[in-house]
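See structure below.
None of the figures in this text is laboratory data; all of them are computed from the coordinates on show. Note that this is a predicted model, so its numbers are computed, not measured. In this analysis, Cβ positions are derived from the backbone assuming ideal geometry, glycine residues included, and neighbour counts consider all displayed protein chains.
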Amino acid sequence: MDKRAERGQATRDQLVEIATRLFAERGFDGTSIEAILEDAGVSRGSLYHHFANKEALFEAAFIAVEARIGEDTARASVGALDVIAGLRAGCLEWMRLAGDPVVQRVVLIDAPAVLGWERWRQFEEATALGMIKLAMQTAAAEGRIPPELSDVFAHMLLATVNEFALVIARSDDQAAAQRTAQAAVDELFARLLGA
């Protein structure tokens, strides 16, 4: 039974990996179930055993990309002098990741439309916003910001960096947009948190 479960998980992982690549290359609308099946070399029944429909497969791909973003931004903050320096490093990493075509297409462009803004926002609140809120609460406890503003500042920061990420994703000159966004993040941290 364990071997069967392992094979099932391997098939599911393969489908998510292939779907993520195809969604990034072609977009949600431009990616057919048939293309995913052909690339994966699995039957339609196998796909539908794991995913109810193309939207469910997209959600799994989105979650996988979000997990990678979370890992990369957390890794960027390792070794920071304090929680705000770590948050700044994570935000700067998010500006770098916004230039990644997979992140752009799956997370920034297609996810709000495919998942719906409310569902997309739920994921953001469960992941990025939670981390930012914790950092802002720490900053408040250290006297760096007024405690009553820690939640508002967390929402402001998430909205700001996500808007920068969208600007980068849609820019004709992404390298310039990334440089501008990174400079703006640095300035925001310096003015808002003295970091």
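Computed over the chain, the quotient of the alpha carbon radius of gyration and 2.2 N^0.38 Å is 1.16.
Dipole magnitude for region 58-193: about 140 debye, using +1 per Lys or Arg Cβ and -1 per Asp or Glu Cβ, origin at the Cα centre. Our helix-only sum for the chain, with -39,500 (n - 2.57) per DSSP H run of n ≥ 4 divided by its residues, gives a mean residue ellipticity at 222 nm of -24000 deg cm²/dmol. Cα centroid distance between region 129-195 and region 36-87, in Å? Region 129-195 and region 36-87 have Cα centres spaced 23 Å from each other. Does anyone have the angle between helix 174-193 and the longest principal axis of the chain? Alpha-carbon axes, 0 to 90°, nearest 10? So the helix axis and the longest Cα principal axis differ by about 40 degrees.
For the pair Q9 and D82, a Förster radius of 35 Å applied to the C-beta separation gives a FRET efficiency near 0.35, rounded to the nearest 0.05. Working from Cα positions, state the angle (0 to 90°, nearest 10) between the long axis of helix 2-26 and the longest principal axis of the chain. That works out to roughly 70 degrees.
Any chance you could give the angle, 0 to 90 degrees and rounded to 10, that helix 83-97 forms with the longest Cα principal axis of the chain? So the inclination is approximately 40 degrees.
A simple rule links phi to the HN-Hα coupling: the Karplus curve 6.51 cos²θ - 1.76 cosθ + 1.60 with θ = phi - 60°, which for region 141-152 gives 5, 7, x, 7, 9, x, x, 5, 9, 4, 5, 5 Hz, with x for Gly and Pro.
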